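To start, the structure under review is shown below, and the notes come after it.
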Amino acid sequence: MRKFVLLAAAGLMAGCGLIPSDDGGGGGGGGGGGVDPTSFTKVYANQYSYFDVSALKEGDWVEYESKSKAPGGGGDNVSKTRYACVKIDSLVWLEFNAAGAEGWYVLVGIDKSDRSVKKAYMGEKDKEAKEIKVEPAPATGTAGTTNYKTRGTGKVSKDSVTVKGTAFDCEKTEITSTTTIDGKDYSSKSASWVCEKVPFRYYWDEKANNTTNNADFKWEGKPSVKGGSVKTWSESSGTVSETNLTAWGNDAKMSVKLPAPK
């Protein structure tokens, strides 16, 4: 599972996954060699809690392209991610392309009230999916750290981003921060552009955020984080990452088949 631990700790959406992840379920290894991807894919109860699923409509979908480059040269690490809301009943059903397993999809049923995953399935396109156990939420970020402190600055402004000829009026948030963990400093920079017209908006709780609710963080403007992601950029520990919206729509259909009720 892709992790932006320091950025998540110091950034605007701390603990909420500001940058869309392409993990579609955690786990190591790939789907080749005849290995069943359901044997190593993990889905956690809080894995998609950064989405405000109550705002989604059946059929909403977005696609992103992510690029990252680590210190030491070499080419960009490029990945593509698709999020789709394919069904709404007592749960909100989200579908993702599975990382490391081309042609496979992860389907999760999320409770609107607490945004936790209640059901999870994985399968190949147009075939019956297999149920996956939903694991308890793991400890993340700075859990267990005895000396943790974040300081920095944030700036909120208006900006326009054009994607495939469509101009999106965005709220832009720029953050420069230093996180001290057990006496060692880690610096990062990030910027995010969100727009109310883009599906899959983020869940935002200002009181729970460790930058907007932090006396050591100085803000110019106030973030509202209304809308879905159009673009994100970050630099942390020498690694530069960028994620861009590439497509969107409202006609998503389920790619896999749910097993018949027993």
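A Stokes-Einstein calculation at 20 °C with viscosity 1.002 mPa s, built on the Kirkwood radius of region 143-262 over Cα pairs, returns a diffusion coefficient of 128 µm²/s.
The Rg/Rh ratio for region 66-143, using Cα coordinates for both the radius of gyration and the Kirkwood hydrodynamic radius, is 1.06.
When you count the other C-beta atoms within 10 angstrom of each residue and take the mean per peptide, 231-239, 215-223 line up highest first as 231-239, 215-223. Of the peptides 130-138, 45-53, the order by per-residue mean of other Cβ atoms within 10 Å, starting with the highest, comes out as 45-53, 130-138. Here region 40-171 is described by how far its Cα atoms reach on the three principal axes: 49, 46, 37 Å, from widest to narrowest. For D60, the shell of other residues with beta-carbons less than 15 Å away shows a net charge of +1, using +1 for Lys and Arg and -1 for Asp and Glu.
All other residues with a Cβ under 13 Å from the Cβ of S188 taken together, and with Lys, Arg as +1 and Asp, Glu as -1, what is their net charge? With Lys, Arg at +1 and Asp, Glu at -1, the neighbours total -1.
Since every read-out is calculated from the coordinates, none of them should be taken as a lab result. Just so it is clear, the model here is predicted, and its values are computed rather than measured. Every residue, glycine among them, receives a Cβ derived from its backbone with ideal geometry; neighbour counts consider all protein chains shown.
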